[in-house]
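Working notes, beginning with the structure itself.
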Amino acid sequence: MDLEKITTHMRIITMKVMIFIFLTTICLFNIVNAQTFQLQSFDGTKVQVQLAYNPALGTLAITCAKDTIYLVDYMDLEYVKILNDRFLQVS
């Protein structure tokens, strides 16, 4: 390979790495907006529920213990309200 081809190939790789880092940073920045709530389960124990809204992907992740539910095409997280210490109202 001549020097020009190597230089072009290196520029392409550099651009791909920069785009990957940029997109990863955007996704991580939006996931940081997670909220944690403490609720009472039906058997009376305290559990933590975490909501993580990612507007870049349009997803809302609801996590409790080892289980996670993903809502896709979720456009906006206006408010979250605790009802009777057992339920979350998410809109």
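The values are calculated or read from the model by the stated rules, or taken from the named source; none is laboratory data. Bear in mind that the values here come from a model prediction, so they are computed numbers and not experimental data. A quick note on method: Cβ atoms are made from the backbone with ideal geometry, for glycine too, and the neighbour counts reach across all protein chains shown. These area figures cover heavy atoms from the full protein model, side chains too; ligands, DNA and RNA do not enter into them. Shrake-Rupley method; radii C 1.70, N 1.55, O 1.52, S 1.80 Å.
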Set of aspartates and glutamates with alpha-carbon distance to Lys66 below 18 Å, sequence-local pairs under 8 removed: Asp43
Hydrodynamic radius (Kirkwood) for the chain, which is based on Cα pairs only, to one decimal in Å: 16.0
Relative contact order computed over the chain (Cα-Cα under 8 Å; 6+ residues apart), in percent: 17
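Counting Lys and Arg as +1 and Asp and Glu as -1, what is the net charge of the other residues whose Cβ lies under 15 Å from the Cβ of Ala52?
On the way: positive: none; negative: Asp67, Asp76.
Net charge around Ala52: -2.
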Estimated dipole of the chain in Debye, rounded to 20 [Cβ of Lys and Arg +1, of Asp and Glu -1, Cα centre]: 180
Charge context of Gln40, other residues only, Cβ under 13 angstrom, K/R +1, D/E -1: 0
Normalised per residue, the volume of the convex hull around the Cα set of region 42-91 (Å³): 76
Candidate residues Phe22, Phe42, Phe87, Phe37: accessible-area rank, largest first, probe 1.4 Å: Phe42, Phe22, Phe87, Phe37
Computed accessible area, Lys5, all protein chains, 1.4 angstrom probe, square angstrom: 130
Per-residue [θ]222 nm for the chain (sum of -39500 (n - 2.57) over DSSP H runs n ≥ 4, rounded to 500): -11500 deg cm²/dmol
